[in-house]
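One structure is given here, and the rest of the page talks about it.
The values are calculated or read from the model by the stated rules, or taken from the named source; none is laboratory data. Bear in mind the structure is a predicted one, so any value in this text is a computation, not a measurement. FYI the Cβ positions are ideal-geometry reconstructions off the backbone, even for glycines, and counts take in every protein chain you see. The area values use the complete protein model at the heavy-atom level, side chains included, leaving out ligands, DNA and RNA. Shrake-Rupley method; radii C 1.70, N 1.55, O 1.52, S 1.80 Å.
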Amino acid sequence: MSGRELCRDLFCQPRRIRRGAALTLVFAGVLVAGAATGSFPETAPTARETAVGPSPATTGHEDVQKAAAEAMADGKSPMEAAERAVSRSGDRWGAVYTEGEYEEFQEALDGKYTGVGLWAGREQDGRIEVTWVQPDSPAAAAGIREGDRLTSVDGDRVDGRPVTDVVSLLRGDADGAAAGTTVTLGLERGTRAWTEKLRRASLSTDSVTVRRLPDGVTVIKIAAFTKGSGDAVRAAVRRAPADGGIILDLRGNSGGLVTEAVETSSAFLDGGLVATYDVDGAPRSLHAGPGGDTARPLVVLVDGGTMSAAEMLTGALQDRGRAVVIGSRTFGKGSIQMPTKLPDGSVAELTVGHYRTPSGHTVDGRGITPDLEVDPADGQAAVERAGTVLSGLGDAD
């Protein structure tokens, strides 16, 4: 990411991926842990999901539930037993959450989080810098600005620390801090150094942002597929100039709710296949809804941070000839996780299958190759290239 590690206090919560006893943070980047799972429905198929054949119980979940139940009967921790079972399974994306962590995860997918409203970035020299302040947040009310240096959180120095650790401190993850709790920040601006005591708040964020370029092209940026993302994209497409193309920017989108990614596909497709997947060998498929805009020129921007549900959407639009994909190879996270609740309220998420694009291409471990390669370090070049392509597509029409 051009020497800078970025993170927001929305999805950057610790995610429990168990290999041995290590607690690791999955990804250091904008909107990372939480949305990265690409969670599929746990129960009956949605209106646009077609199940073929029965949905068998997942063996992995049965093993974890059995280990948790035995631990509970022996007076031991069901969660710790589940973590050991997940670790032994070798499941790269297997995870165990406390009840509170999972509730927080679900809130994040609803576009809500508890924090102070900061984006944080780590420079090459290890300094932590404020890269964005959410309007109407505690940080904004305190007068904190983009470019301010963050030196400490509750007295803990943050220079040189992973940005995800810093954001975890801001959110108070270790203490289960709720809205209304306080956090004291050490800050610097030029030669001025000061401390600011902020009160955490329940905040919401728009994962879909829209801007209009001077040439009439509409850029729709989806940071993550949170609740309502699909409807927001549909509305943006309806409002876009009829004679202008659309750039769908999925760079850095680590996934989220698959149902929202399918809903987004429905803005550009008139029904038809979005992806196929399997749950323990039982094939299923996801379909777009009818009535999408199939005529307007469309370019999709991707990079190595495009993951999971974002890759599924990209693959559908590319395979069906609906969009030109520009950027660099995507991450390659095409596996499917489903949750199961354990006796103590904690939740285990295990991989149950993998999805494929409409042409049958497997994404997991491979990613999606763009139609036109652009250096990911030059973000503006990708937008400019997209504008050129859209101009050509418009002329072809």
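Numbers below:
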{"quantity": "Those residues of segment 263-285 which are in contact with a helix residue (DSSP H, G or I) (Cβ under 8 Å, 6 or more places away or on another chain) and open to solvent by less than 10 Å² (accessible area, probe 1.4 Å), in sequence order", "calculated": "Thr264, Ser265, Ser266, Ala267, Phe268, Leu269, Val274, Ala275"}
{"quantity": "From the options Glu188, Glu123, Glu146, Glu129, residue that is acidic (Asp, Glu), touching a residue at least 60 places away in the same chain (Cβ under 8 Å) and in contact with a strand residue (DSSP E or B) (Cβ under 9 Å, 6 or more places away or on another chain)", "calculated": "Glu123"}
{"quantity": "Ser152 being within 19 Å of the chain's Cα centre (by Cα) and open to solvent by 10 Å² or more (accessible area, probe 1.4 Å)", "calculated": "no"}
{"quantity": "Cβ pairs under 7 Å, 6+ apart, first in segment 191-214 and closer than 19 Å to Asp173 by Cα, second hydroxyl-bearing (Ser, Thr, Tyr) and part of a strand (DSSP E or B)", "calculated": "Lys197/Thr182; Lys197/Thr184; Leu198/Thr182; Arg199/Thr182; Arg200/Thr114; Ser202/Thr114; Leu203/Tyr113"}
{"quantity": "Residues located in segment 236-280, provided they are more than 21 Å from the chain's Cα centre (by Cα) and part of a helix (DSSP H, G or I)", "calculated": "Val237, Arg238, Arg239"}
{"quantity": "Qualifying residue in segment 328-345 (condition: within 30 Å of Asp215 (Cα to Cα) and either surrounded by 20 or more Cβ atoms within 10 Å (Cβ to Cβ) or not basic (Lys, Arg) (or both))", "calculated": "yes"}
{"quantity": "Subset of segment 95-115 (residues that are in contact with an Asp or Glu (Cβ under 7 Å, 6 or more places away or on another chain) and either charged (D, E, K, R) or at pLDDT 85 or above (or both))", "calculated": "Ala95, Val96, Gly115"}
{"quantity": "Residue match in segment 152-160 (condition: modelled with pLDDT of 85 or more, touching a Ser or Thr at 6+ places or on another chain (Cβ under 7 Å) and under 25 Å from Phe225 (Cβ atoms))", "calculated": "no"}
{"quantity": "Qualifying residue in segment 92-103 (condition: assigned to a helix (DSSP H, G or I) and touching a helix residue (DSSP H, G or I) at 6+ places or on another chain (Cβ under 8 Å))", "calculated": "no"}
{"quantity": "Test: residue in segment 122-129 that is buried (at least 16 other Cβ atoms within 10 Å of the Cβ) and modelled with pLDDT of 80 or more", "calculated": "yes"}
{"quantity": "All strands (runs of 3 or more DSSP E) inside segment 303-397 with 1 or more residues being among the basic types (Lys, Arg) and free of Cβ contacts under 8 Å to residues at least 60 places away in the same chain", "calculated": "335-341"}
{"quantity": "In segment 310-361, the residues that are of a type in the set (S, T, N, Q) and under 30 Å from Arg84 (Cβ atoms)", "calculated": "Ser335, Gln337, Thr340, Ser346, Thr351"}
{"quantity": "Of all residues making up segment 194-216, the number that are surrounded by 17 or more Cβ atoms within 10 Å (Cβ to Cβ) and either in contact with a Phe, Trp or Tyr (Cβ under 7 Å, 6 or more places away or on another chain) or polar (S, T, N, Q) (or both)", "calculated": "3"}
{"quantity": "Every residue from segment 289-319 that is open to solvent by less than 10 Å² (accessible area, probe 1.4 Å) and charged (D, E, K, R)", "calculated": "Glu311"}
{"quantity": "Among (1) under 20 Å from Leu198 (Cβ atoms); (2) not in a helix (DSSP H, G or I), the one test that Ala139 misses", "calculated": "(2)"}
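Per-residue answers, yes or no, for (1) of a type in the set (D, E, K, R); (2) assigned to a loop (DSSP other than H, G, I, E, B); (3) modelled with pLDDT under 90:
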site: Val183; (1), (2), (3): no, no, no
site: Ala193; (1), (2), (3): no, no, no
site: Lys197; (1), (2), (3): yes, no, no
site: Leu203; (1), (2), (3): no, no, yes
site: Asp206; (1), (2), (3): yes, yes, yes
site: Arg211; (1), (2), (3): yes, no, no
site: Pro214; (1), (2), (3): no, yes, no
site: Ile220; (1), (2), (3): no, no, no
